[in-house]
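The values are calculated or read from the model by the stated rules, or taken from the named source; none is laboratory data. If you're wondering where the values come from, they're calculated on a predicted model, not measured in any experiment. Counting neighbours? That spans all protein chains shown, and the Cβs are built from the backbone with ideal geometry, glycine included.
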Amino acid sequence: MKTLPLTRVRELLEAANRSRILVLGDVMLDQFIWGNVSRISPEAPVPVVEFERESFMPGGAANVARNLTAFHAATELLGVCGNDAAGQQLHTLLTEHHVDCRGLLPVPGRMTTKKTRIIAQRQQVARVDRETRTDTDRATQKRLLKVLDHRLAKAEALIIGDYGKGVVTQPLLDEIKQRCRARGIWLSLDPKPVHHLNLTGLSLITPNRKEAFELAGVADGRRGADPLQDTALRAVAEKILTGLRPAVLLITLGDQGMLLCQRGRQPFHIPTAAREVFEVSGAGDTVIASFTLAIVAGASPLEAAIFSNHAAGVVVGKVGTATVTPAELLASFEREG
């Protein structure tokens, strides 16, 4: 099975309306400056972007939350931000997208992560990052855990958005894993191997190919034409499954789609559903959000992988961090059928 019947997709979308999912992690404000380039600067060999407009979107863990509410799932976001204009703007945007962000805690002296992307002719020209990347202190982590304890009782899943900005520390992750295990709550995480966290015992890990090889501590060889015949990739997947023991390992492979891996089962390759690709930033957020949502809605891991593959195929056809609506997802499956 490499697709889902439309009736099944509709069932999952309907069940998603009744789900409640928590997202915890590094939040960001994504700023996009849109313009055109018609000349090179006389001051330096760089393009001159003639400003047309700007837009703002939630990024990082906030984009994961926004992807969930696009499917009408009740979503609560936990994290930290600065007591600054970017943090206030992020709160406003999240509220507009129906994300409950009462668990987004302002921390004095911390800067809200803000990424400014300059786009010309639908291509990214440059990016400017403003952020604080130091780990949150123990007092802030205790505040987050206190909020989490109040929210977990009604949640069906928790997604951790680790982008290496200081929210997801090993002590915090250990506490979260213990709480989710005790309550039987699905726990998903998109890893950042440079962060060197102990990721054992998670429900879902969603690395891309580069991250999977880094997690396994193996140098990436030449990419095979068929992921199922890519012996290096298969070996890396097996090493992660054996060492970290996630219930599900979903390796995203860009234009090659996804590889679904579970212990004791043959891996399953799902070709990409994307028709055209304009922007891949945020696609991983869509994958982990839609896969987790499908699981909560009653999907099998294979069904959830196919569901999330189509969701990702829609968002990469848009410019900027984006989401997919139920109607767009259904249209994607209809085209395949």
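Key figures
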read-out	value
Flag if Pro193 is surrounded by fewer than 18 Cβ atoms within 10 Å (Cβ to Cβ), touching a residue at least 24 places away in the same chain (Cβ under 8 Å) and not small (Gly, Ala, Ser)	no
Filter result for the condition that a residue is basic (Lys, Arg) and at pLDDT 95 or above, over Arg209, Arg127	Arg127
The range 158-183, residues that are outside any loop (DSSP other than H, G, I, E, B), surrounded by fewer than 20 Cβ atoms within 10 Å (Cβ to Cβ) and touching a residue at least 60 places away in the same chain (Cβ under 8 Å)	none
Residue in the range 226-242 that is of a type outside the set (Lys, Arg), touching a Leu at 6+ places or on another chain (Cβ under 7 Å) and surrounded by fewer than 20 Cβ atoms within 10 Å (Cβ to Cβ) present	no
Output for the range 297-326, where each listed residue is buried (at least 24 other Cβ atoms within 10 Å of the Cβ) and of a type in the set (S, T, N, Q)	Ser308, Asn309, Thr321, Thr323
Some residue of the range 297-306 being without any contact (Cβ under 8 Å) to a residue 40 or more places away in the chain and of a type in the set (S, T, N, Q)	yes
Pairs where the first residue, in the range 249-266, is more than 12 Å from Pro227 (Cα to Cα) and the second is at pLDDT 95 or above and among the polar types (S, T, N, Q), C-beta under 7 Å, 6+ apart	Leu250/Thr206
Complete set of residues in the range 77-111 that are on the phi > 0 side of the Ramachandran plot and basic (Lys, Arg)	none
Lone unmet requirement of (1) in a loop (DSSP other than H, G, I, E, B); (2) among the basic types (Lys, Arg); (3) modelled with pLDDT of 95 or more for Lys154	(3)
The range 66-102, residues that are without any contact (Cβ under 8 Å) to a residue 60 or more places away in the chain and of a type in the set (Gly, Ala, Ser)	Ala74, Gly82, Ala85, Ala86, Gly87
Among residues of the range 1-39, those that are among the small types (Gly, Ala, Ser) and under 21 Å from Arg151 (Cβ atoms), counted	4
All positions within the range 98-116 that are in a loop (DSSP other than H, G, I, E, B) and surrounded by fewer than 21 Cβ atoms within 10 Å (Cβ to Cβ)	His98, Pro108, Gly109, Met111
Hits in the range 53-76 - residues which are more than 27 Å from Arg10 (Cβ to Cβ) and either of a type outside the set (Lys, Arg) or assigned to a loop (DSSP other than H, G, I, E, B) (or both)	Glu54, Ser55, Phe56, Met57, Pro58, Gly59, Gly60, Ala61, Ala62
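Rundown of residues vs (1) assigned to a loop (DSSP other than H, G, I, E, B); (2) among the hydroxyl-bearing types (Ser, Thr, Tyr); (3) at pLDDT below 95, yes/no style:
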{"residue": "Ala225", "(1), (2), (3)": "yes, no, yes"}
{"residue": "Ser290", "(1), (2), (3)": "no, yes, no"}
{"residue": "Asn309", "(1), (2), (3)": "no, no, yes"}
{"residue": "Val319", "(1), (2), (3)": "yes, no, yes"}
